[in-house]
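Since the structure comes first, as structure tokens, the remarks are kept for the end.
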There are 2 protein chains.
Amino acid sequence: MHPDYEPITGRPAEIALAARRLIAERGFEGLRTRDIAARVGINVATLHYHVPSKEALIELVARSLRDDFVAQNVTRPRKHLPALDQLRLEFLDFRETLVETPEIFIVMTELTERARRDEKVKAVVGPMLAFAHGELARILALGSEEGTFRADLDPEAGALMIFGTMVATQRSPRRGPELFDRACAELLRSVQAQPPESGLAT
Amino acid sequence: MHPDYEPITGRPAEIALAARRLIAERGFEGLRTRDIAARVGINVATLHYHVPSKEALIELVARSLRDDFVAQNVTRPRKHLPALDQLRLEFLDFRETLVETPEIFIVMTELTERARRDEKVKAVVGPMLAFAHGELARILALGSEEGTFRADLDPEAGALMIFGTMVATQRSPRRGPELFDRACAELLRSVQAQPPESGLAT
DNA sequence: CGACCTCAATCAAATGATTGATGGAGCGTC
DNA sequence: GACGCTCCATCAATCATTTGATTGAGGTCG
């Protein structure tokens, strides 16, 4: 039914990895089949043996990225945790990927742009984004129920806000873990319900 | 000193406009000098007469975008308004550009990506982003001072949050004015200080 | 042998850029 | 006004490379 649901292995996986790095370095604009083959250490013809066309190659990259995405989202027995903790864990996940494999975000951004004009890519990228977005919305809705987060929080809009902020920290000229942490802290303050009366200031 | 500070006019302006539309449609990846020339209605050689190389062309596009950006940011006698009103006006500006010339955002995104690898583009795009970011931070800081916005608001992080959210509404699969408005409403709730005690709920 | 994988060589199309020539507007001189 | 001159803008034709893809000939391992 969905043959593309099996994880990518072997040569195709090597090709996808090399392609991802090249995309991160030069964007789709500068992506050349020859360069990919060279980086894998194989002949161009061999590359075409495994991946019929450049279009298919880009789809392969998208699926390879999805593999990573799925891998990170399987082992997470956290739905029973309080919303605040779940949100913090989301931030941690993001932060980890951010410092360990920043290439993933660059490629993801490029793919998201490309999805605008490429249906095949959209079919792979769209559900990923929708899932991430949905998870955030779910956490926010849960937090509102708990009373931890604001009661007037719009889960959908809030999810968009969180996601957008995470991406923006990436794109910012002064990006880096420090800025990311400040943004996360600000997000937490933004969604949390204020403590009834802590101490009266001013 | 800075010859590129004069606004673009004449043929170069026509070329930049055509290029922008093509970039919005196909991205840098699919940008061809021939196509641009054809859309302007001139010969490829004529295009190269006005713009020496493709690299210079992309820089031209960046400067053309900056012209628009500057044009929108000159006539704004609003620094005396309350922070909340200023922020609302920022949202309105964004919304207007969003519905009237959505192409601008697509091209801006592409350029921001490209700025990562192209110093010339970065030199044009960087200051624009910094300015927009700075304006938002200024408004947030003002609002905190006024007491309209939260006292614990981090202006830098908040600006990033607002900017990121605006961009995210663009990229979202269900993008559109309706989602944008919801996001803006959520942002306002996020930064505003809560009214001391409205009426006790629950 | 046959399935799977690899490569050197080559192709055809696409693509950024150049060349050499043409027409016209402005301008001073006769 | 006519002539010659220069600059600007334009174009048809062409070039040199790049680039995605193919071909046909192995090679390895069970």
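Expressed as an acute angle from 0 to 90° and rounded to the nearest 10, what is the orientation of the C-alpha long axis of helix B:10-26 relative to the principal long axis of chain B?
Orientation of helix B:10-26: about 70 degrees from the principal axis.
To one decimal place, what orientation-averaged projected area in nm² is obtained for the convex hull of the Cα set of chain B?
The Cα convex hull of chain B, projected and averaged over all directions, gives 14.2 nm².
What percent do you get for the relative contact order of region A:76-193 when only Cα pairs under 8 Å and 6+ apart count?
Values: 84 pairs, mean separation 28.5, N = 118.
Worked out over region A:76-193, it gives 24 percent.
With an 8 Å Cα cut-off and a minimum separation of 6 or more residues, compute the relative contact order for chain B in percent.
On the way: 155 pairs, mean separation 35.9, N = 202.
Across chain B, relative contact order equals 18 percent.
Would you work out the Kirkwood radius for region A:1-109? I mean one over the mean of 1/r across all pairs of different Cα atoms, in Å.
Values: mean 1/r = 0.0651 Å⁻¹.
With all distinct Cα pairs of region A:1-109 included, I get 15.4 Å.
Angle, helix B:103-115 long axis vs. longest principal axis of chain B, Cα atoms, 0 to 90°, nearest 10?
Taking Cα atoms only, the helix is inclined about 80 degrees.
Let me know the charge dipole size of chain A about its Cα centre in debye, to the nearest 20, where only the beta-carbon of Lys, Arg (+1) and Asp, Glu (-1) is charged.
640
Under 17 Å Cα to Cα from B:LYS120, which lysines show up? Leave out anything in the same chain fewer than 8 places away.
In chain and number order, the partners are B:LYS54.
Ignoring everything except DSSP H segments at least 4 long, calculate the 222 nm mean residue ellipticity for chain B; use -39,500 (n - 2.57) per segment, divide by total residues, nearest 500. Walk me through the numbers before you get to the answer.
Numbers: 9 runs with 144 residues, N = 202.
Using -39500 (n - 2.57) per qualifying helix, the result is -23500 deg cm²/dmol.
Which whole-number percent gives the relative contact order of region B:127-200, counting Cα pairs below 8 Å spaced six or more residues apart? Intermediate results must be reported in sequence, preceding the final value.
Numbers: 53 pairs, mean separation 22.8, N = 74.
Relative CO of region B:127-200 lands at 31 percent.
Provide the per residue accessible area, probe 1.4 Å, for region B:120-202, rounded to a whole number of square angstrom. Walk me through the intermediate numbers first.
Working: 3760 Å² over 83 residues.
Spelled out: the 1.4 Å probe surface of region B:120-202, per residue, equals 45 Å².
For the protein assembly as shown, build the charge dipole from Cβ charges (+1 Lys, Arg; -1 Asp, Glu) around the Cα centre, then report which of A:GLY147, A:ILE104, A:LEU179 sits farthest towards its positive end.
Among A:GLY147, A:ILE104, A:LEU179, the one farthest towards the positive end of the dipole of the protein assembly as shown is A:ILE104.
Placing +1 at every Lys and Arg Cβ and -1 at every Asp and Glu Cβ, with all other atoms neutral, what dipole size does region B:1-64 have around its Cα centre, in debye to the nearest 20?
Details: 9 positive and 8 negative charges, 49 e Å.
Around 240 debye, computed over region B:1-64.
Label points 7 Å out from Cα along the Cβ direction at B:GLU25 and B:VAL70: separation in nm?
My value for the distance between the label points is 2.9 nm.
Given a 1.4 Å probe and no ligands, DNA or RNA in the count, how much accessible surface is buried by A and B, both sides, to the nearest 100 Å²? Present the calculation step by step, with values, prior to reporting the outcome.
Working: alone 11820 and 11840 Å², together 20030 Å².
Using a 1.4 Å probe on protein heavy atoms, the buried area is about 3600 Å².
Once the dipole of chain B is set up with Lys and Arg at +1 and Asp and Glu at -1 on Cβ about the Cα centre, which of B:VAL167, B:ALA193, B:PRO77 lies farthest towards its positive end?
B:VAL167
Give me the angle, in degrees from 0 to 90, between the Cα long axis of helix B:83-100 and the longest principal axis of the Cα atoms of chain B, rounded to the nearest 10.
30
With +1 on the Cβ of every Lys and Arg and -1 on the Cβ of every Asp and Glu, and nothing else charged, how large is the dipole of the protein assembly as shown about its Cα centre, in debye rounded to the nearest 20? Let's see the in-between values first.
Working: 54 positive and 60 negative charges, 253 e Å.
In total the dipole reaches around 1220 debye.
The values are calculated or read from the model by the stated rules, or taken from the named source; none is laboratory data. Nothing here was measured: the structure is a model prediction, and the numbers come from that model. Quick reminder, even Gly has a Cβ in these numbers, built from the backbone with ideal geometry, and neighbours come from all protein chains shown. Ligands, DNA and RNA are excluded from the accessible area calculation, which covers all protein heavy atoms including side chains. Shrake-Rupley method; radii C 1.70, N 1.55, O 1.52, S 1.80 Å.
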